[in-house]
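> What follows is a single structure, and I will ask about it in a moment.
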Amino acid sequence: QVQLVESGGGLVQPGGSLRLSCAASGIIFSIYTMAWYRQAPGKQRELVASITSSGSTNYADSVKDRFTASRDNAKKMAYLQMNSLRPDDTAVYYCATGGGTYWGQGTQVTVSS
């Protein structure tokens with residue numbers, strides 16, 4: 001059974017930081033590109049960042065230079081370090097395998113003073 005479980009969301013003030021984690025099980029994690037998506041209320045889900053099996057990363061323009069995706073293949077973990085958070089980063093954040101085959105349940109990130 002494949003599971004992706006996100007953690008690390010919460011409430012943070014503007015300018016603050018959070019680190020999201022995604023724990024994978026039931027898949028050969030090391031061969032998958034991992035992606036982070038987010039969906040804000042009333043908006044479509046958008047791709048935020050992705051990281052290939054070898055560690056190459058891509059980011060949406062809106063998060064470039066603020067967010068960093070990483071992974072630990074031995075631990076079957078993916079991470080999203082989010083710095084300089086802004087209110088418009090508020091959303092439910094999801095991790096998924098590349099192509100969207102498998103999804104986590106999401107974790108809420110709220111940026112507010």
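> If a residue must be in a strand (DSSP E or B), within 15 Å of the chain's Cα centre (by Cα) and touching a residue at least 40 places away in the same chain (Cβ under 8 Å), how many such residues does region 24-55 contain?
From region 24-55, those in a strand (DSSP E or B) are 24-25, 34-39, 46-51; that's our starting set.
Remaining after also requiring within 15 Å of the chain's Cα centre (by Cα): 24, 34-39, 46-51.
Adding the requirement that they be touching a residue at least 40 places away in the same chain (Cβ under 8 Å) leaves 24, 34-39, 48, 50.
The total comes to 9.
> Now, a different point. Take Ser70 and tell me if it is touching a strand residue (DSSP E or B) at 6+ places or on another chain (Cβ under 7 Å) and of a type in the set (Gly, Ala, Ser). Please lay out each step first, then the result.
Details: touching a strand residue (DSSP E or B) at 6+ places or on another chain (Cβ under 7 Å): yes; of a type in the set (Gly, Ala, Ser): yes.
So Ser70 passes the test.
> Basic (Lys, Arg) and within 11 Å of the chain's Cα centre (by Cα), is that true of Arg19?
Working: basic (Lys, Arg): yes; within 11 Å of the chain's Cα centre (by Cα): yes.
It is true that Arg19 is basic (Lys, Arg) and within 11 Å of the chain's Cα centre (by Cα).
> Another question, if that's okay. Among (1) among the small types (Gly, Ala, Ser); (2) in a loop (DSSP other than H, G, I, E, B); (3) open to solvent by 50 Å² or more (accessible area, probe 1.4 Å), there is one condition Gly16 misses while meeting the rest; what is its number?
(3)
> Another question, then. Inspect region 99-106 for any residue being under 21 Å from Gly15 (Cα atoms) and either at pLDDT 95 or above or surrounded by fewer than 22 Cβ atoms within 10 Å (Cβ to Cβ) (or both) and give the result as yes or no.
So in region 99-106, the residues under 21 Å from Gly15 (Cα atoms) come out as none.
Within region 99-106, none of the residues are under 21 Å from Gly15 (Cα atoms) and either at pLDDT 95 or above or surrounded by fewer than 22 Cβ atoms within 10 Å (Cβ to Cβ) (or both).
> Quick test for you: out of Tyr79, Tyr32, Tyr59, pick the one residue that is of a type in the set (Phe, Trp, Tyr) and more than 18 Å from Glu6 (Cα to Cα).
Details: Tyr79 fails: more than 18 Å from Glu6 (Cα to Cα); Tyr32 fails: more than 18 Å from Glu6 (Cα to Cα).
One residue alone meets the criteria, Tyr59.
> Further question on the same structure: For Lys64, which of the numbered conditions (1) touching a residue at least 24 places away in the same chain (Cβ under 8 Å); (2) not in a strand (DSSP E or B) fails to hold?
Condition not satisfied by Lys64: (1).
The values are calculated or read from the model by the stated rules, or taken from the named source; none is laboratory data. Predicted, not measured: the structure shown is a model, and the values here were computed from it. Methodologically, a virtual Cβ is constructed for each residue, glycine included, from the backbone with ideal geometry; neighbour enumeration extends over all protein chains shown. Keep in mind that these areas ignore ligands, DNA and RNA; they rest on the heavy atoms of the full protein, side chains included. Shrake-Rupley method; radii C 1.70, N 1.55, O 1.52, S 1.80 Å.
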